[in-house]
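Trainee: The structure follows.
The values are calculated or read from the model by the stated rules, or taken from the named source; none is laboratory data. Values in this document were obtained by computation on a predicted structure and should not be read as measured data. Reconstructed Cβ throughout: ideal geometry from the backbone, glycine too, with neighbour counts over all protein chains shown. Side chains are part of the model used for accessible areas, which takes the heavy atoms of the whole protein and leaves out ligands, DNA and RNA. Shrake-Rupley method; radii C 1.70, N 1.55, O 1.52, S 1.80 Å.
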Amino acid sequence: MLLHILNKSPEHEAALSKCFHTLSKGDKILFIEDGVYCALTSAHTINAIAPDIDLFALEPDITARGLTPHLSPRIKVIDFDGFVMLTETCTTSVSWI
């Protein structure tokens, strides 16, 4: 099980495409920094991700951008402790920068 860490906004299609093409059942995606824009209800990227992929977003980055009320219901919001727990439970982490 891989943890994919994505810090690019939806406008960076190359990073998103590479990430999405490497996903396997049971993998997890964590949206951080400008990547939290991918976690919005209106973002087409959410619909492109298979339902068996768990999606997370970093709370401080969401709050800093004022996006809390606009998140997709698929997103699990986590803090830094949750980020650490994700890295501990996944076998490997991959950063898409």
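Trainee: Using the Karplus curve 6.51 cos²θ - 1.76 cosθ + 1.60 with θ = phi - 60°, work out ³J(HN,Hα) for each residue of the range 90-95 in order, rounded to whole Hz, and write x for Gly and Pro.
Mentor: In residue order, the calculated couplings are 8, 6, 8, 10, 10, 9 Hz.
Trainee: Still on this structure, I have one more. Starting from the Cα-Cα distance between SER42 and LYS18, subtract it from 0.36 nm times their residue separation and give me the gain in nm to one decimal.
Mentor: Answer, rounded to one decimal: 6.5 nm.
Trainee: When ranked by the protection proxy of mean other Cβ atoms within 10 Å per residue, highest first, what sequence do the peptides 7-17, 52-62, 35-45 form?
Mentor: 35-45, 52-62, 7-17
Trainee: Can you order the peptides 70-76, 85-91 by their average number of other Cβ atoms within 10 Å per residue, highest first?
Mentor: Ranked from most to least packed, the peptides come out as 70-76, 85-91.
Trainee: Something else: Carbon and sulfur together cover what percent of the accessible area of the chain at a 1.4 Å probe radius?
Mentor: 57 percent
Trainee: What accessible area per residue, rounded to a whole number of Å², is obtained for the chain using a probe radius of 1.4 Å? Please list the in-between numbers first.
Mentor: Working: 5270 Å² over 97 residues.
Averaged over the residues of the chain, the accessible area is 54 Å².
Trainee: Using helices alone, I'd like the mean residue ellipticity at 222 nm for the chain: each DSSP H run of four-plus residues gives -39500 (n - 2.57), total over residue count, nearest 500. Display every interim value, and only then the final one.
Mentor: Details: 4 runs with 29 residues, N = 97.
The per-residue figure over the chain is -7500 deg cm²/dmol.
Trainee: Can you tell me, using C-alpha contacts under 8 Å and at least 6 residues apart, the relative contact order of the chain as a whole percent?
Mentor: 38 percent
Trainee: Summing +1 for each Lys or Arg and -1 for each Asp or Glu, what net charge is found among the other residues whose Cβ lies under 10 Å from the Cβ of ILE5?
Mentor: 0
Trainee: Sticking with this one: Percent antiparallel among DSSP beta bridges with both residues in the chain, to the nearest 5? Could the numbers behind the result be given before it?
Mentor: Details: 1 of 18 bridges.
DSSP beta bridges in the chain are roughly 5 percent antiparallel.
Trainee: Would you kindly state how much longer the chain becomes between ALA64 and VAL94 on full extension, computed as 0.36 nm times their sequence separation minus their alpha carbon distance, in nm to one decimal?
Mentor: 8.4 nm
Trainee: A follow-up question, please. Could you derive backbone 3J(HN,Hα) for the range 42-54 from the dihedral phi with the Karplus parameters 6.51, -1.76 and 1.60 (θ = phi - 60°), listing whole Hz in sequence and x where the residue is Gly or Pro?
Mentor: Values, residue by residue: 7, 6, 5, 5, 4, 5, 7, 9, 4, x, 8, 9, 6 Hz.
Trainee: Between the range 75-94 and the range 30-71, what's the alpha-carbon centroid distance in Å?
Mentor: 14 Å
Trainee: Could you compute the net charge surrounding ILE49? Neighbours are other residues with a C-beta less than 14 Å from the C-beta of ILE49; K and R count +1, D and E count -1.
Mentor: Counting the neighbours of ILE49, the net charge comes to +2.
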